[in-house]
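Let me begin by presenting the structure, written as structure tokens, before commenting on it.
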Amino acid sequence: MKKIKHIFLALFLISATSNWAQQTPAGEQTEVITITGATAHIGDGTIIENCTIVFENGKITAIGTGETTQGTIIDASGKHVYPGFIAPVKELGLIEVNAVRASNDADEIGDIIPHVRSLIAYNSESKVVESMRPNGVLIGQVTPKGGRISGTSSIVQFDAWNWEDAAIKVDDGIHLHWPSSFRRGRWWMGEPRGLHPNKDYQKQVEEVTTFLQNAAAYGGGQAKELNPAFAAMQGTFDGRQKLYIYADGEKEIIDGITLAKNAGITQIVLVGGYSGYKVIDFLKENDIPVLVQFTHNVPSFEDDDYDLPYKLPKLLSDAGLLVAIQNGDASNFQTRNLPFYAGQVVGQGLEKEKAVQMLTGNTAKILGIDATHGTLKVGKSATLFISEGDALDMRTNILTHAFIDGRNISLETHQTELWKRYSEKYEGK
């Protein structure tokens with residue numbers, strides 16, 4: 001009887017998430033659009049006051065002061081224009097309801113599965129994805145999770161009919177979750193609480209080492225038959241794909257990057273990097289960018305500074321590293337708070353435009369899409385938004401317009417519909 005109840009509950013939750021269809025994706029841009037009078041935050045650390053931005057056929061054609069206005073004019077006097085914020089390494093569109101297994105496509109069976117492609121499982125109708133847009137998060141790196149090597153990510157825009165329409169960069173990288181040299185005691189299994197050395201650490205490292213060596217040999221012409229896992233790794237050896245290494249401890253960061261370098265992988269990104277500020281010289285020497293954890297967090301260890309998570313992006317950036325902010329282990333829906341994580345770093349003394357870079361230009365460069373996205377430059381995609389105020393402040397980040405490839409997208413979501421519905425309930429009372 002309990003099993004039947006659980007089945008009905010799962011079906012109810014799935015159907016409940018489908019009651020509101022996603023807003024219909026906007027049509028192609030058909031006329032020139034000009035935004036005037038705005039403060040433009042370029043995404044490279046600079047701003048242009050009283051800026052005019054012109055875009056046509058999805059591309060920015062002019063930006064600056066005194067530019068000629070054309071087509072539809074949007075008066076943005078007193079408002080701010082930003083490039084669309086980018087959310088890296090998240091399972092957006094792969095998980096709808098965490099408690100419903102049928103709506104979770106973020107993981108597959110196996111521990112080393114680089115050939116699992118997240119893009120073909122991406123749900124462009126996701127209500128979670130839809131909820132990103134009103135805060136200016138318009139692009140994301142859809143990333144699988146689970147296992148030691150969890151699969152291949154792709155970069156998408158958040159207003160599409162399907163995954164083919166959504167794709168910006170297909171199969172951009174492989175994601176390696178480096179083993180930890182320490183682990184917490186599983187008290188429910190009788191182990192003592194707290195951190196303890198991971199006795200299997202060296203064995204786990206050797207498994208990754210062996211896999212990378214075999215994958216490199218496979219690409220060297222020694223393969224006699226198709227091996228999907230080895231084949232999926234070839235882009236990391238020839239520079240077409242990046243290897244994203246998830247590591248937080250000093251030893252783990254050094255071990256993971258050193259092993260990847262020795263295996264012949266040159267395009268490496270550190271994800272997490274909680275202790276990265278302790279190995280600055282190593283990261284700079286190896287030219288490693290960092291996708292640092294979100295700032296709204298507590299310290300991991302008792303002897304850490306109480307505000308370490310708040311100031312970590314600034315520490316790494318001030319040291320000369322290329323840094324962007326990601327949502328870490330927080331739930332997918334919290335990714336919409338990405339701009340406010342950057343705002344937290346401003347509160348720690350980081351220049352505001354550098355914080356904007358950590359959501360735009362820096363992220364685009366790390367993900368390898370900076371030629372087309374991430375900054376407001378002539379020739380780049382007109383993926384941008386207009387906010388009434390500071391986009392890094394949740395009190396003033398109120399969007400009036402958002403564009404993806406020049407398409408004027410809807411800012412309505414199932415959440416805004418509910419807000420309007422219930423706010424009207426008490427009008428006049």
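The values are calculated or read from the model by the stated rules, or taken from the named source; none is laboratory data. All values reported here derive from a predicted model rather than from experimental measurement. No Cβ is skipped: glycine too gets one built from the backbone with ideal geometry, and neighbour counts run over all protein chains shown. These accessible areas exclude ligands, DNA and RNA; they are computed on the full protein's heavy atoms, side chains included. Shrake-Rupley method; radii C 1.70, N 1.55, O 1.52, S 1.80 Å.
Measure out, as a whole number of angstrom, how far apart the alpha-carbon centroids of segment 346-409 and segment 95-138 sit.
Centre-to-centre distance over Cα atoms comes out at 23 Å.
Peptides 383-392, 348-357: what's the order by average Cβ count within 10 Å, highest mean first?
In descending order of packing, they fall as 383-392, 348-357.
Which one is right for this structure if log10 I(q)/I(0) by the Debye sum over Cα atoms at q = 0.08, 0.14 Å⁻¹ is calculated from it: [x] -0.48, -1.34; [y] -0.67, -1.23; [z] -0.58, -1.23?
Evaluating log10 I(q)/I(0) by the Debye sum over Cα atoms at q = 0.08, 0.14 Å⁻¹ on these atoms matches [x].
Mind giving me the FRET efficiency for T396 and K224? R0 is 56 Å, r the Cβ-Cβ distance, nearest 0.05 is fine.
Taking R0 as 56 Å, the efficiency between T396 and K224 is 0.35.
Might you report the magnitude of the Cβ-based charge dipole of segment 134-186 about its Cα centre, with Lys and Arg at +1 and Asp and Glu at -1, to the nearest 20 debye?
Here segment 134-186 has a charge dipole of around 700 debye.
Among G173, T413, S387, whose Cα sits farthest toward the positive end of the charge dipole of the chain (+1 at Cβ of Lys/Arg, -1 at Cβ of Asp/Glu, about the Cα centre)?
Among G173, T413, S387, the one farthest towards the positive end of the dipole of the chain is T413.
Calculate, in nm to one decimal, what T36 and S410 gain on full extension: separation in residues at 0.36 nm each, minus their alpha carbon distance.
Extending this stretch completely gives an extra 132.6 nm.
Starting at the first residue of segment 324-330, write each ³J(HN,Hα) from the Karplus equation 6.51 cos²θ - 1.76 cosθ + 1.60 with θ = phi - 60°, in whole Hz, x for Gly and Pro.
Karplus values, whole Hz, x for Gly and Pro: 9, 9, 10, 8, x, 8, 5.
Which links in K278/K311; K311/K380; K90/K203; K284/K377; K169/K380 stretch past 20 Å when you go from one Cα to the other?
K311/K380; K90/K203; K284/K377
How many percent of the accessible area of segment 85-373 is carbon or sulfur, using a 1.4 Å probe?
Result for segment 85-373: 49 percent of the exposed heavy-atom area is carbon or sulfur.
Taking θ as phi - 60°, what are the ³J(HN,Hα) couplings along segment 273-282 by the Karplus curve (6.51, -1.76, 1.60), each to the nearest whole Hz, with x for Gly and Pro?
Residue by residue, segment 273-282 yields x, 4, 9, x, 5, 8, 10, 4, 4, 5 Hz.
I'd like to compare 394-405, 330-341: which one has the highest average count of other Cβ atoms within 10 Å, and what's the full order after that?
330-341, 394-405
When ranked by the protection proxy of mean other Cβ atoms within 10 Å per residue, highest first, what sequence do the peptides 144-157, 241-254 form?
So the order, starting with the most tightly packed, is 144-157, 241-254.
What does the net charge come to around N408 if you take all other residues with beta carbon closer than 14 Å to its beta carbon, with K and R at +1 and D and E at -1?
Its environment carries a net charge of -4.
Find how much the distance from Q348 to Q202 grows on full extension, using 0.36 nm per residue of separation minus their present alpha carbon separation; answer in nm with one decimal.
48.8 nm
What FRET efficiency comes out for T210 versus T46 if R0 is 56 angstrom and r is the Cβ-Cβ distance? Round to the nearest 0.05.
In this case the efficiency is close to 0.75.
Hey, can you grab everything whose amide H is under 5 Å from the amide H of A87? Only 5+ residues off in sequence or another chain; H modelled, so Pro and N-termini drop out.
HN-HN under 5 Å from A87: I139, G140, Q141.
Straight-line reach from K59: which aspartates and glutamates have Cα under 15 Å away, leaving out those fewer than 8 places along the same chain?
In chain and number order, the partners are E28, E31, D370, D405.
Quote the charge dipole size of segment 85-373 about the Cα centre in Debye, to the nearest 20; the model charges only the Cβ of Lys and Arg (+1) and of Asp and Glu (-1).
100 debye
Could you put W178, W187 in order of accessible surface area, largest first, with the 1.4 Å probe and the full protein assembly present?
I get W187, W178, largest accessible area first.
Count charges around G273 for me, please; just the other residues with Cβ under 11 Å from its Cβ, Lys/Arg as +1, Asp/Glu as -1.
Every neighbour counted, the sum reads -2.
Taking R0 as 41 Å, what's the FRET efficiency between D75 and F182 from their Cβ-Cβ distance, rounded to 0.05?
Computed FRET efficiency for D75 and F182: 0.10.
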